[in-house]
Amino acid sequence: MPSWNEVLGEIQHCNRRDALDYVRRKYIKHLSELTGRNVIAYYSGWLQNPNLGNTSIGDDDKNGLMAAVHKLDRTKGLDLLLHTPGGDLAATESIVDYLHRMFGRNIRAIIPQLAMSAGTMIACACQEVVLGKQSNLGPIDPQFGGIPAHGVIKEFEEAIQAVKDDPASLPIWREVVSKYHPTFIGECRNAVQFANEMATEWLKTGMFSGDPNAAEKAAKVVGYLGDHDNTKTHARHINIDEAISIGMKIVRMEDSQPVQDTVLTIHHAFMHTFANSKAIKIVENQIDNAVIVLRG
């Protein structure tokens with residue numbers, strides 16, 4: 001398994017001005033050669049730049065994906081390397097719709113480290129997900145400014161029940177609920193329904209396509225990933241064993257040593273790029289088509 005320092009050493013001794021880009025792209029191409037499939041890496045530098053905007057999933061990312069899809073032989077399918085904190089639900093829906101139109105359901109998600117929130121939803125839209133011992137998915141419960149929609153709904157329902165049980169508690173609960181604007185509860189309910197319906201449909205028509213129990217299996221996955229009571233916190237890191245236990249189609253990265261080594265080399269190269277350049281988001285493929293977003 002390649003180490004962080006070994007990848008850094010290769011970059012430092014590359015003797016090229018574009019060493020960061022060169023090393024990343026060399027191994028992305030190598031992964032494509034190993035699998036015989038297209039590879040698009042969709043990477044965010046949010047871990048290195050936690051206070052910067054534009055590191056989450058947004059509508060502009062489709063431009064990067066369009067550039068990456070250009071000139072690919074789409075009959076080879078797609079391996080999508082995902083490293084993202086998640087982001088906008090509507091943008092995620094649009095991105096998945098675009099990828100399905102380009103590659104059908106012949107898409108495999110590879111998670112070198114983290115694909116959280118809407119990133120997990122994109123993984124659910126793929127036929128299978130490749131995870132390693134170090135990989136994590138995350139809950140898909142929607143957030144509003146860092147506030148979990150499920151938590152808001154639950155708090156509101158608790159307030160109603162508490163006031164029914166003890167009318168004298170009304171002033172206390174009125175103070176709690178007053179922090180939300182009048183339509184906020186409805187927006188939270190809609191967001192939860194939107195996320196769950198999207199993920200369920202993607203699972204039924206993709207990961208569980210052709211399975212007579214597709215609806216039941218999709219409901220189990222979404223019931224776990226989308227229930228704040230199960231996952232407790234939106235930042236929860238869901239490991240490979242949990243993903244398998246809820247019925248997701250998971251391929252262990254360790255089953256192929258060459259693929260594992262190459263994926264981790266690519267991942268380390270991306271992490272060094274974000275740490276040693278102004279890049280905060282990169283979408284690129286095995287033929288060097290790339291869109292790189294720089295911090296201001």
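A few comments on the model shown:
- Set Lys29/Lys249; Lys62/Lys220; Lys76/Lys281; Lys29/Lys278; Lys164/Lys217; Lys154/Lys220 screened for pairs whose C-alpha atoms are more than 32 Å apart: Lys164/Lys217
- Positive minus negative residues near Asp241 (Lys, Arg vs Asp, Glu; Cβ under 11 Å): +1
- Computed E for Glu157/Asp211 - FRET, C-beta separation, R0 30 angstrom, nearest 0.05: 0.30
- Largest-first principal axis extents, alpha carbons of the chain, Å: 74, 48, 32
- Ordering Trp4, Trp202 from the fewest to the most neighbouring beta carbons within 10 Å gives Trp4, Trp202.
- Estimated FRET transfer efficiency (Lys179, Asn15; beta-carbon r; R0 45 Å; 0.05): 0.20
- Val39 long-range amide H proximity, modeled H, under 5 Å: Asp79, Gln286
- Couplings 3J(HN,Hα) for the range 171-184, derived from phi with the Karplus relation 6.51 cos²θ - 1.76 cosθ + 1.60 (θ = phi - 60°), are x, 5, 5, 4, 5, 5, 6, 5, 6, 9, 6, x, 9, 5 Hz, where x marks Gly and Pro.
- Whole-number percent relative contact order across the range 141-231, with pairs defined as alpha carbons under 8 Å at least 6 apart: 33 percent
- The chain: angle of helix 19-35 to the longest principal axis, Cα-based, in degrees nearest 10: 90 degrees
- For Ile57, the amide hydrogen comes within under 5 Å of the amide hydrogens of Gly86, Gly87, Asp88, counting only partners 5 or more places away or on other chains and with H modelled in the peptide plane.
- Inverse of mean 1/r across different Cα pairs in the range 141-231, Kirkwood, Å: 14.8 Å
- Zone of Val291's modelled label, taken as backbone nitrogen in the range 66-85 under 12 Å from a point 7 Å along Cα→Cβ: 66-70
- Mean separation of Cα contacts under 8 Å (6+ apart) over length of the chain, as relative contact order %: 28 percent
- Computed from Cα positions, the angle between helix 257-275 and the longest principal axis of the chain comes to roughly 80 degrees.
- Between the helical axis of 89-103 and the longest alpha-carbon principal axis of the chain there is an angle of about 40 degrees.
Since every read-out is calculated from the coordinates, none of them should be taken as a lab result. Quick caveat: nothing in here was measured; it's all calculated off a predicted structure. We place every Cβ from the backbone using ideal geometry, glycine too, and count neighbours over all the protein chains shown.
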